[in-house]
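What follows is one structure encoded as structure tokens, with my remarks underneath.
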Amino acid sequence: MEKEKAKPVGFSRTTITELMIPSYANFGGKIHGGILLSLMDKVAFAAASKHSGAYCVTVSVDTVDFLQPVAVGDLVSLKASVNHVGNSSMVIGIKVIAEDVKSGSVKHTNTCYFTMVAKGDDDKPTQVPKLILESKTDVRRFVQAIFRKKLKKDHTEKMETMKKGWDKEEMSRLLENERCIIE
Ligand SMILES: CC(C)(COP(=O)(O)OP(=O)(O)OC[C@H]1O[C@@H](n2cnc3c(N)ncnc32)[C@H](O)[C@@H]1OP(=O)(O)O)[C@@H](O)C(=O)NCCC(=O)NCCS
């Protein structure tokens, strides 16, 4: 039996908007990637804890690509929603946009996926409510999260196999067009 009543995606949809102040900048005058990562973690926590009604921890971050630089003075908005739920885990999709308020230009700087796990009072993973998918987009995102999980599992298994079997000839073949020298 489900521990909690199912909740729709919209129940936990969360947006955080923050002004990029000078102390967030790197030596090049653009915003540190770490500042954006910290904001992503916050918005992921907010969405996951709203859905689960529990304290949540970050267990995995999937593909953070910084596609465009963010400038001091930009207003950065992070839009998060629960894309998938497992038993205790939730995949939170986050879209980050940066807006130059003077020119009105809006840049999509990145999209990424955080896996959060809900914990109970005993500090152990605890079951989260089912997710009610109300739109085609909700269904597509849920299915895409399943594919992403499967790809990650396959990738991890492949990397483990590579670690076990180190074949010099095979490695030399794979690296023949790379900028390295095997001694
Ligand atoms: C997250 C954590 C509780 C998982 O503990 P665990 O003993 O592996 O528990 P389980 O095996 O039951 O896994 C719990 C869930 O996490 C998922 N999970 C575990 N490792 C994962 C990973 N690397 N990527 C994605 N999901 C993962 C499992 O699939 C499971 O999901 P489900 O319940 O929906 O099926 C534990 O690893 C932890 O406390 N990690 C530290 C978290 C933290 O401190 N984060 C802050 C980062 S600085």
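Quick note: the coordinates plus some simple rules give every number you see, no bench work behind them. Keep in mind it's a predicted model, so treat the numbers as computed, not measured. Glycine gets a Cβ as well: all are built from the backbone with ideal geometry, and neighbour counts include every protein chain shown.
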Whole-Hz couplings from phi, Karplus 6.51/-1.76/1.60, listed for the range 33-41; x for Gly and Pro
x, x, 5, 5, 4, 5, 5, 5, 5
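List 45, 147 from most exposed to least, where exposure is judged by having the fewest other Cβ atoms within 10 Å.
Values: 45 19, 147 9.
Ordered from fewest to most neighbouring Cβ atoms within 10 Å, 45, 147 come out as 147, 45.
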Rounded to whole Hz and in sequence order, give me ³J(HN,Hα) for the range 151-164 from the Karplus expression 6.51 cos²θ - 1.76 cosθ + 1.60, θ = phi - 60°, writing x for Gly and Pro.
4, 5, 5, 4, 4, 4, 5, 5, 5, 5, 4, 4, 5, 6
Between 173, 148, 140, which gets the highest mean-square fluctuation from a Gaussian network model of the chain, Cα cutoff 10 Å?
173
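Could you sort the peptides 99-111, 50-62 by per-residue average Cβ neighbour count (10 Å cutoff), highest mean leading? All intermediate terms of the calculation are to be shown ahead of the outcome.
Numbers: 99-111: 12.8, 50-62: 17.5.
The peptides rank, most packed first, as 50-62, 99-111.
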Past 23 Å, Cα to Cα, is the threshold; run 95/136; 79/149; 7/119; 79/153 against it and keep the listed order.
79/153
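Taking the square root of 5 times each eigenvalue of the Cα gyration tensor, what semi-axes in Å does the equivalent ellipsoid of the chain have, largest first?
Values: eigenvalues 199, 156, 44 Å².
Gyration-tensor ellipsoid for the chain: 32, 28, 15 Å.
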Among 111, 131, 151 the positive-end extreme of the charge dipole of the range 70-183 (Cβ point charges):
131
